[in-house]
1. Could you list, ordered by first residue, the pairs with Cβ atoms under 6 Å in which the first is in the stretch 43-57 and at negative phi and assigned to a strand (DSSP E or B) and the second is of a type in the set (A, V, I, L, M) and at pLDDT below 95, at least 6 apart or interchain?
2. Quick check, is Val92 of a type outside the set (Gly, Ala, Ser) and not in a loop (DSSP other than H, G, I, E, B)?
3. Which of the residues spanning the stretch 202-221 are modelled with pLDDT of 90 or more, over 15 Å from the mean Cα position of the chain (by Cα) and buried (at least 16 other Cβ atoms within 10 Å of the Cβ)?
4. Within the stretch 276-297, can one find any residue that is in contact with a Ser or Thr (Cβ under 7 Å, 6 or more places away or on another chain), more than 30 Å from Asp85 (Cβ to Cβ) and free of Cβ contacts under 8 Å to residues at least 60 places away in the same chain?
5. Of the residues that make up the stretch 34-52, is at least one of a type in the set (Asp, Glu) and more than 22 Å from the chain's Cα centre (by Cα)?
6. What about Ala69, is it modelled with pLDDT of 90 or more, not aromatic (Phe, Trp, Tyr) and not in a strand (DSSP E or B)?
7. Exactly one condition in (1) outside any loop (DSSP other than H, G, I, E, B); (2) over 26 Å from Lys128 (Cα atoms); (3) not hydrophobic (A, V, I, L, M, F, W, C) is false for Ser217; which is it?
Amino acid sequence: MQREIKEKCSVFEENGEVLNAGWARSAVFDYNFKTSKTAGKHGECDCYFINNDEVSLYISVENHGLEFAVKIAVADLKRGGVISDCIVKKFVLFKNELPESGSKGELLYTDKRIQLQLTNTNDGRFLKCDFIDFGGLKNLYFNITLKKVQGESLSELAPFERNRRYFYLKRFAPKFIASGIIRFGGYEYSLNENNSRAYFDWTRFSKPRKHNYQRLSSDCIIDGKRFSLCLASRVGDNRYGNENCFFVGGKLEKLSQINVKGTNGRIDRPWYFTAGISAVDITFKPFTVKGEAMSAYMDKTTVVFGRLYGQLKRVDYENPIVLDNAQAHMIFTEF
């Protein structure tokens, strides 16, 4: 049974264990890694997905123990095609600190190929990047401001069954609009607040073993309202909460167990998501270019771009949300 948390609470008890597990509509979980008994083993991931009808930009910055990674993909939705690249530094002695909260903090990272700035502000984010020979081709540049808008977000806290010192903490916030530019390969993509959206996916964890994780997400406009989707596989103990949800006009609607069916090893094939008595009945179909799935491969992460079809009757069986050619993507990763 899922448990909704409505009051602010600490992630860790005095003994370092996670006891107050569940999900919430806002960032109610106070994360202080210094109170954890596994502080030296924490992983961190800040992920942004920015899109309009012309272009999608995926950015992920990750700390996994002694490994630091920056993963970026640019998808041209009109012409077809994806270019991606990543920087992976192993055995990092000096940790690259990610922003400590959603309203303050900054990451500045520079090496011989990339200059990256991620700055959190009171009303949004500022993202800037110069990436030399991106994808082994040409330079990538983007300068983007994200402005926070009204709406709920999803927070989830899940311990691990056998040892509650290990945990998985997630915040999925599809509540930003974007303005700025993306330049690559002689093309310039303009983002403005009227047609460009962004979500922020924030993850902190400490795990006793690696997981293969997959998530279906969407962030688009349907019938004049913003629609966002998050359907993800299990990490930790999801008896008290999971990531499955969707948003309409900024309001979160929680989902429980989702049945997922795909073709092993074939990311170019459709994926099917169902739940309840037709409460969820969705098909994800990847874009294909010359018979290949339109996808980005970045170290241990793959992002596949495509469209959604089907219906969501979770709120109103008589007037379901119809997903007809809605923009979407799937993320497959190991951490």
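The values are calculated or read from the model by the stated rules, or taken from the named source; none is laboratory data. It should be emphasised that the depicted structure is a prediction, and the values quoted were computed from it without experimental measurement. With ideal geometry, Cβ positions are generated from the backbone for all residues, glycine too; neighbour counts draw on all protein chains shown.
1. Glu44/Leu98; Asp46/Leu98
2. no
3. Ser206
4. Checked the stretch 276-297: at least one residue is in contact with a Ser or Thr (Cβ under 7 Å, 6 or more places away or on another chain), more than 30 Å from Asp85 (Cβ to Cβ) and free of Cβ contacts under 8 Å to residues at least 60 places away in the same chain.
5. no
6. The answer is no for Ala69.
7. Of everything listed in (1) outside any loop (DSSP other than H, G, I, E, B); (2) over 26 Å from Lys128 (Cα atoms); (3) not hydrophobic (A, V, I, L, M, F, W, C), Ser217 misses just condition (2).
Yes/no matrix, rows are residues, columns are (1) buried (at least 17 other Cβ atoms within 10 Å of the Cβ); (2) assigned to a loop (DSSP other than H, G, I, E, B); (3) not polar (S, T, N, Q):
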site	(1), (2), (3)
Leu229	yes, no, yes
Asn242	yes, yes, no
Leu252	yes, no, yes
Gly265	no, yes, yes
Arg314	yes, yes, yes
Ile331	yes, no, yes
